[in-house]
1. Order A:119-125, A:94-100 from most to least packed using the mean count of other Cβ atoms within 10 Å.
2. In µm²/s, what is D for segment B:321-361 at 20 °C and 1.002 mPa s, where D = kT/(6 pi eta Rh) by Stokes-Einstein and Rh is the Kirkwood radius from Cα pairs?
3. For A:GLU48, put the label point 7 Å out on the Cα→Cβ axis and report which residues of segment A:221-239 keep their amide N under 14 Å from it.
4. Name the helices (complete DSSP H segments) of chain A with a Cα length along the long axis of 20 Å or more and a Kyte-Doolittle mean of at least -0.5, or state none.
5. Within 10 Å, count the other beta carbons around each residue, average over each peptide in A:131-141, A:279-289, and list them highest first.
6. Among B:239-251, A:69-81, A:216-228, how do they line up from the highest to the lowest mean number of other beta-carbon atoms within 10 Å?
7. Using a 1.4 angstrom probe on heavy atoms only, work out the carbon and sulfur share of the accessible area of the protein assembly as shown in %.
8. Under the 0.36 nm per residue contour assumption, what length would be gained going from the current alpha-carbon distance of B:ALA2 and B:ARG111 to full extension?
Protein chains: 2
Amino acid sequence: MARVFNFSAGPAVLPEPVLEQAREAIWDFAGSGMGILELSHRSSWFDEVITSAEARLARLLKLDQDQQVLFLHGGASTQFFTLPMNFLRGGRATYLDTGIWSAKAIKEAKRYGTVDVPFSSKPERYDRVPQPGELPALPEGTKYLHYTTNNTVAGTQFHWTPEVSGDAFLVGDASSDILSWPIEGSKYGMLYAGVQKNMGPSGMAFAVLRKSLLERAEADLPTMLAYKTHADNSSLFNTPNTFAIYIVERVAAWLEENGGLEGMGQRNKAQADKLYAAIDGGAMWTGLAKPESRSWMNITFTTGDADLDKAFVKEATAAGLNGLKGHRSVGGLRASIYNAMPDAGVDALISFMGEFERTRG
Amino acid sequence: MARVFNFSAGPAVLPEPVLEQAREAIWDFAGSGMGILELSHRSSWFDEVITSAEARLARLLKLDQDQQVLFLHGGASTQFFTLPMNFLRGGRATYLDTGIWSAKAIKEAKRYGTVDVPFSSKPERYDRVPQPGELPALPEGTKYLHYTTNNTVAGTQFHWTPEVSGDAFLVGDASSDILSWPIEGSKYGMLYAGVQKNMGPSGMAFAVLRKSLLERAEADLPTMLAYKTHADNSSLFNTPNTFAIYIVERVAAWLEENGGLEGMGQRNKAQADKLYAAIDGGAMWTGLAKPESRSWMNITFTTGDADLDKAFVKEATAAGLNGLKGHRSVGGLRASIYNAMPDAGVDALISFMGEFERTRG
């Protein structure tokens, strides 16, 4: 069976060279005579894997010495409550409401303090993110500013990094655009991501945490929920998701061998530009995100006719273009073109759109 | 490279037929043209996987209609606080202290109510578990009885199922003996396990929860920490560890094709009996657990000489017998012989012990 082009929003397409290595490693990891799934997390073999993963990610994200890479259980949804549980502590934080995942993060944060929401595009179905200069100053005493760097469902993305002032630190949920462009990692107090889109398989969160912030963290927490536990134990307090860490390490190696985040950003932007040009250039298609907020990762569009959208998804699937159905909360169509999507996949989609428009338009 | 015999305590050896299937599925799952790591958790392909996993586990553990199979983020350590957070609610529970993992569970539970500990073998370095008839009646108003069914570190195991009375329900942490013998699943209010020993790769917990207990659960919790969230959404509230669920499903299929838990229990007991006979029969070895409490999964023993133990581990590793070092808190030697350990591995270890005793004794 040939592999199809997989436009799923996550879990999502992974680089084929990484998959080929994983197939070998499942039987025998690096000549150990044991598979990667079977290796003790306390073994020297695995120690090399996790140390390399941390080092590669620190290089790719240009982290400074005060920042630590963490591999945490659960996806981003677990960070939605652990972040405020550790750092909000009855104080106030600012959240930007740019999509359903932002809204979920806001809901969980409200359990732990005051949440200011100076920007929400919810009334416009989350069709945009704020632009530089559009956000008010943070209220006095704000502990952190939280935002979703890319909105998987609505198909919008911050192409800039918000600034914080005073003692506030910046927090980004980068689940769907982590490692996809030259992210300014050192600007963040905390940057986190469920790894199942651009980094690896599902079931783990990646985080970058500024170590000096741990002094401000709540100490009286269940052991597993304190970031300090995982920071002090280099993500090995309990058995981590060893296989996900292995894949993330291999993906990071693939990125370093293929131009790093600069190279990836150029390729991702070129793919997105080409696809948006097809949407804007065809008579049948409407993009769902405001142009200045358009995501390079999740391209949302529609024919404007739910039945026609449905027919498109069905026929595209039959043509080997999978996962193009929009999120149930938005409808329409969505092409997720993460790092591992080859140019050929985007070209095939554009060609299929043209054909569909000719025959059904 | 030939595969070695892997006696690691977890992550641990997995069945080779499952590994062979996983290698195929990583490239192309069931003719979908997408790998198992890349498949949407909302796809019909994955729906078949998780549904089959639930059904197979329910059959293997002989669950009743009120019991639900859950796949949860994190390992058993996450359940140590989520269990009391959901169910203790300022009340009292009984915990049996039979090992370092029991002690960790007790520590986390104390945050949420009164913890009665009527049995502890800590003063004897956790060398035994209570026997039938040895436990006092549960105090009035006890919400649940929690115990660790098999103690990975000390090498002890309950070969019986404790009884509860009144409204109390039974909770078992079966991380290291789940699916290894005919466990009476329907006796439990909650049964849980980190899956990285007998079920699959690390980074996920498996749980069986009695649905009617959810009426007694705390409702005011972070969304991800309420068992109800995951029960109501069939473990798909957020993206689960899809690959671990796939492996667990394949392991459950392998069990069903190989005599189920009855067959596995017979084979595991026979392997353990043979190994304990070698320990008791040799002049060089001392078993660390009291005979009536000996585990069929983790066989702990020592030469009584730390340097000799160290030499044994080193020479065994060179002979293709890996992971025999005892846990750092106990020292000595440990052979973990989970479901996937072939008879040949146990035979090779026994043969190596004989040779070591002849040359070094």
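The values are calculated or read from the model by the stated rules, or taken from the named source; none is laboratory data. Keep in mind that what you see is a predicted model, and the values were worked out from it rather than measured. Quick reminder, even Gly has a Cβ in these numbers, built from the backbone with ideal geometry, and neighbours come from all protein chains shown. For accessibility, only protein heavy atoms count, side chains too; no ligands or nucleic acids. Shrake-Rupley method; radii C 1.70, N 1.55, O 1.52, S 1.80 Å.
1. Numbers: A:119-125: 14.9, A:94-100: 23.4.
Packing order, densest peptide first, comes out as A:94-100, A:119-125.
2. This corresponds to a translational diffusion coefficient of 189 µm²/s.
3. none
4. Values: long enough: A:44-60 (24 Å, 0.11); A:242-257 (23 Å, 0.72); A:260-281 (31 Å, -0.68); A:343-360 (25 Å, -0.09).
Taking the DSSP H segments of chain A (at least 20 Å long, mean hydropathy at least -0.5), we get A:44-60, A:242-257, A:343-360.
5. Details: A:131-141: 12.2, A:279-289: 16.9.
Ranking the peptides A:131-141, A:279-289 by packing returns A:279-289, A:131-141.
6. B:239-251, A:69-81, A:216-228
7. Roughly 50 percent, rounded to a whole number.
8. Result for the pair: 34.4 nm of gain on full extension.
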